[in-house]
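The values are calculated or read from the model by the stated rules, or taken from the named source; none is laboratory data. The structure displayed is predicted, hence computed values, not measured ones. As a convention, Cβ positions derive from the backbone with ideal geometry for all residues, glycine included, and neighbour counts pool all protein chains shown. Surface accessibility is based on the protein's heavy atoms, side chains included, excluding ligands, DNA and RNA. Shrake-Rupley method; radii C 1.70, N 1.55, O 1.52, S 1.80 Å.
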Amino acid sequence: MDVRAQVSMVFHLDKCIGCHTCSLACKNLWTDRPGTEYMWWNNVETKPGTGYPVLYEDQEQYRGGWIVENGELRLKLGSRRSELVNIAYNPRLPVLDDYYHPFTYRYSDLIDAPAGGSQPAARPISMITGGDLNIEAGPNWDDDLSGSPVYAANDPNLAVLSEEDRRQFFELQQLVYFYLPRICNHCLNPSCVAACPSGAIYKRGEDGIVLVSQEKCQGWRMCISGCPYKKVYFNWNSGKAEKCILCYPRMEIGEAPACMHSCVGKIRYLGVVLYDADRILETASRPEGELVEAQRDMILDPFDPEVIREALNSGVDRKIIESAQKSPVYRYVKEWRMALPLHPEWRTLPMLFYVPPLLPVTATLDQQGNYETETDFFSSLQSARLPIRYMASLFSAGDEAEVIAVYRKLLAVRIYKRAQTVGDISMEAARGALEEAELTPEDVEGIYYLTALAGFEERMVVPPFLREQVVELGIDVQIFQQERGAGFLHWPKRGL
Ligand code: SF4
Ligand code: SF4
């Protein structure tokens, strides 16, 4: 057993309001430089929808991630040799139009306009060339447009639905959408790292954050093709690749990543998990239907004495183990089995997890206008407005049982708390619901607390990393933070 630590996140999608504050916090901090205008290390998509860059989930086109062929795990992109053939011309890259052409307005057209008979207008211009632009796309262009057959109908995940299901899905009274915030998944089996011919991308030993060495990067852009989530970007100004750094300069002084710190819906949970690195290859090579369970299996119990002993042997700091014992991510992913990885079938072992949004109709109005809460799981799930098959395509490599199990838990928590607080459901029925969802009343209180009441310190549990060393050395934490923040392009590899 080779025990390692990984900083990980859970996104509770029922709580996301699609405000994009996270995206703006990230943009203001990291990608407001020339060459980064089109980059959104954090973006929030409307689902169903085509995402950013457009249709990034279509791996027949982009060939990102891994496949198992003749029993062996290999990059879907092809061998190193085929990579070399394509190094000067790579057809598997999104082009600028697949993201969007960054634009601003020529405000001088307004300010300097001579007096005249008609209202002046500011023309849109390219932020790259400065020339006039006909705007055809932008960040979040399909925001809230779930019902539009022009955008949402092209969502690759809808391919798993029958013609009839698709037709019903786009009926007006059926319309529904949810938000999907995305950052780099800091994967355990990162295909971006494997695809890079220069060895410029690496995974930090102490926390598993995946970074691009700006010194080593030669700008080949194979990482962009290799990443199925399209979370590496090319800076046209510096000629280097860039990506989400999980705000490690902030975390090293005890601050939350900017996206998490600013999250209005409090949907994000951050914590350390311990995992067995010896099982990466075997886990990533499993048949599709087993991938979620196998990935969950890799995550180790931080209270198990054997795990603690092996972790210490592998050099994991005792403070990190203590932090893993308080991790909200461990609770959601492993203990309660409620958070699932996005597109596990791409086999990168993503280390961000999502609690899928609960979209069934859970209450109806009776003749007197009173709410009747649904206690029958089966009929609730049957009335799910987004088909389970669609959610399974996103979060469990098509395994509908995984999604249903999570929905059962989400419904059971609501039913039990309603029985407790409103009293219009009998406790007997509520206990039956818990049993069916394999939850105990203690689990429900824990889930309810972490979902609805927990403060920031409980939602973000990271080990102090270098903070104590900084304080011990008598360095002003704020000055340290500024210097590390400003110097992030030099990517110091480890520690001070
Ligand atoms: S999400 Fe993409 S960029 Fe991030 S670690 Fe995984 S493969 Fe690499
Ligand atoms: S800030 Fe939070 S609630 Fe708002 S879009 Fe981002 S993840 Fe969702």
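The numbered conditions (1) over 17 Å from the mean Cα position of the chain (by Cα); (2) buried (at least 17 other Cβ atoms within 10 Å of the Cβ) are all true for Asp165 except (2).
Please verify whether the range 59-70 includes one or more residues that are closer than 21 Å to Arg268 by Cα and either under 15 Å from the mean Cα position of the chain (by Cα) or not acidic (Asp, Glu) (or both). Looking for residues that are closer than 21 Å to Arg268 by Cα and either under 15 Å from the mean Cα position of the chain (by Cα) or not acidic (Asp, Glu) (or both), one finds none in the range 59-70, hence no. Restricting attention to the range 16-27, the residues that are in contact with a Cys (Cβ under 9 Å, 6 or more places away or on another chain), open to solvent by less than 40 Å² (accessible area, probe 1.4 Å) and near ligand 2 (Cβ under 9 Å from one of its atoms) add up to 4. Among residues of the range 187-203 that are farther than 13 Å from Lys76 by Cβ, none has a Cβ under 6 angstrom from a residue that is within 16 Å of ligand 2 (Cβ to nearest atom) and not in a loop (DSSP other than H, G, I, E, B) at a sequence gap of 6+ or on a separate chain.
Taken as a whole, the condition of being within 20 Å of the chain's Cα centre (by Cα), within 16 Å of ligand 1 (Cβ to nearest atom) and either farther than 25 Å from Ser191 by Cα or at pLDDT below 95 (or both) applies to Tyr248. Looking across the range 28-55, the residues that are within 28 Å of Ser393 (Cα to Cα) and within 16 Å of ligand 2 (Cβ to nearest atom) come down to Trp40, Trp41, Asn42, Asn43, Val44, Glu45, Thr46, Lys47, Gly49, Gly51, Tyr52. Considering the range 1-92, the qualifying strands (runs of 3 or more DSSP E), each wholly inside and each with 3 or more residues that are over 27 Å from Asn154 (Cβ atoms), in contact with a strand residue (DSSP E or B) (Cβ under 6 Å, 6 or more places away or on another chain) and within 15 Å of ligand 1 (Cβ to nearest atom), run over 3-12.
With the condition kept exactly as written, say whether any residue in the range 317-334 is in contact with a Ser or Thr (Cβ under 6 Å, 6 or more places away or on another chain), modelled with pLDDT of 95 or more, closer than 19 Å to Asp207 by Cβ and not basic (Lys, Arg). The answer is yes, given that some residue of the range 317-334 is in contact with a Ser or Thr (Cβ under 6 Å, 6 or more places away or on another chain), modelled with pLDDT of 95 or more, closer than 19 Å to Asp207 by Cβ and not basic (Lys, Arg). In the range 320-347, of all residues being more than 22 Å from Glu310 (Cα to Cα) and of a type in the set (Lys, Arg), the one that is surrounded by the most Cβ atoms within 10 Å (Cβ to Cβ) corresponds to Arg347. Before we move on, is Lys243 surrounded by fewer than 20 Cβ atoms within 10 Å (Cβ to Cβ), within 9 Å of ligand 1 (Cβ to nearest atom) and within 21 Å of the chain's Cα centre (by Cα)? When the stated conditions are applied, Lys243 does not pass them.
On the stretch given as the range 232-246, residues that are more than 16 Å from ligand 2 (Cβ to nearest atom) and in contact (Cβ under 8 Å) with a residue 60 or more places away in the chain total 8.
Filtering the range 260-274 to residues that are open to solvent by 10 Å² or more (accessible area, probe 1.4 Å) and either within 16 Å of ligand 1 (Cβ to nearest atom) or in contact with a strand residue (DSSP E or B) (Cβ under 9 Å, 6 or more places away or on another chain) (or both) leaves His261, Cys263, Gly265, Lys266.
Residues are listed down the side, and each one gets a yes or a no for (1) more than 8 Å from ligand 1 (Cβ to nearest atom); (2) in a loop (DSSP other than H, G, I, E, B):
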| residue | (1), (2) |
| --- | --- |
| Cys187 | no, yes |
| Val193 | no, no |
| Gly205 | yes, yes |
| Cys223 | no, no |
| Lys230 | no, yes |
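The condition of being touching a His at 6+ places or on another chain (Cβ under 9 Å) and either open to solvent by 40 Å² or more (accessible area, probe 1.4 Å) or at pLDDT 95 or above (or both) holds for only one of Val54, Val7, Val3, that being Val7.
Considering only residues in the range 164-195 that are within 16 Å of ligand 2 (Cβ to nearest atom) and among the hydrophobic types (A, V, I, L, M, F, W, C), the one that is nearest to Val68 (Cα to Cα) turns out to be Cys184.
The single residue among Gln168, Gln214 that is touching a Phe, Trp or Tyr at 6+ places or on another chain (Cβ under 8 Å) and away from ligand 1 (no atom under 15 Å from the Cβ) turns out to be Gln214. The criterion of being assigned by TED's automatic domain parsing to the domain that holds Leu77, β-branched (Val, Ile, Thr) and crowded, with 17+ Cβ neighbours inside 10 Å does not hold for Ile128. The criterion of at least 2 residues that are away from ligand 2 (no atom under 16 Å from the Cβ) is met by the following helices (runs of 4 or more DSSP H) wholly inside the range 252-319: 280-284, 291-298, 305-313.
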